[in-house]
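Heads up, the thing below is written out as structure tokens.
The values are calculated or read from the model by the stated rules, or taken from the named source; none is laboratory data. In this text the structure is predicted, and so the values were computed from the model without any measurement. Please note: Cβ atoms are built from the backbone with ideal geometry, for glycine as well, and neighbour counts cover all protein chains shown. These accessible areas exclude ligands, DNA and RNA; they are computed on the full protein's heavy atoms, side chains included. Shrake-Rupley method; radii C 1.70, N 1.55, O 1.52, S 1.80 Å.
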Amino acid sequence: MYIDYIIWFIIVLTMSVIQTGWPEVLQIQGVVPDLGLIMVIFFALFYGEERAMFTGILAGIYQDIASNTSLGHHILCLVITGFIFGKLSSRLLSEHPAIKSGLVFMGALLHGLLFNVITYLQDPYTNFFYVLFVNTVPSAFYSALMTPIIFWLLHHVFRLSEIKTFKVINK
């Protein structure tokens, strides 16, 4: 049981470090996918809103510390997105990769919209629509394209941890 949480913590921390520490590894034409958001949507779909919200807190804390934003921007946006998609997950048929990619795209747009609204409220001189269309939409597309790969990796890692946990319990 605890091994699943330890693996979850390590995976979330590792993906957050990759996203913020080495963005050039994933960067294409200046656009970076939001790995924290992809993890939040993954856990919302497969584990419910509680695990998604905790993932949002952990990934958001790391993103807030590593980026030049006020502490809490990423946390709030990821937690709200995780809660909404966690509640929707019980009502959606989300087994097809295209549906998962579409959900990540919509989640990225929601996350970007929330983040840009908060940024605009703190500094009304920022160009809201420019930032939305130049940063948020390309990142949402790239995140949606990365979704099948990241979901496949996370699915196999957590299925492997469930198999190990099952073997330990039954011995």
Relative to the longest principal Cα axis of the chain, at what angle does helix 49-66 sit, 0 to 90 degrees, rounded to 10? 50
For region 50-109, the percent of all C-alpha pairs falling in each 5 Å bin, from 0 up to the bin holding the max distance, is 4, 20, 23, 23, 16, 9, 5, 1
The long-range amide H neighbours of THR69, using H built 1.01 Å from N in the peptide plane and a cut-off of under 5 Å, are none
Cα axis of helix 73-89 to longest principal axis of the chain: angle in degrees, 0 to 90, nearest 10? 50
Can you give the helix-only mean residue ellipticity at 222 nm for the chain, where every DSSP H stretch with n ≥ 4 adds -39500 (n - 2.57) and the sum goes over all residues, rounded to the nearest 500 deg cm²/dmol? -26500 deg cm²/dmol
With a cap of 13 neighbouring Cβ atoms within 10 Å, and only residues DSSP puts in a loop, list the trypsin sites (Lys or Arg not before Pro) found in region 35-91. ARG91
With a probe of 1.4 Å, find how much accessible area the chain has per residue, and write the answer as a whole number in Å². 57
Rounded to a whole number, the Stokes-Einstein D of the chain in µm²/s (Kirkwood radius over Cα pairs; 4 °C; 1.567 mPa s) is 79
Sequence-distant or interchain residues sharing an amide H contact under 5 Å with ASP34, placed H: which? SER143
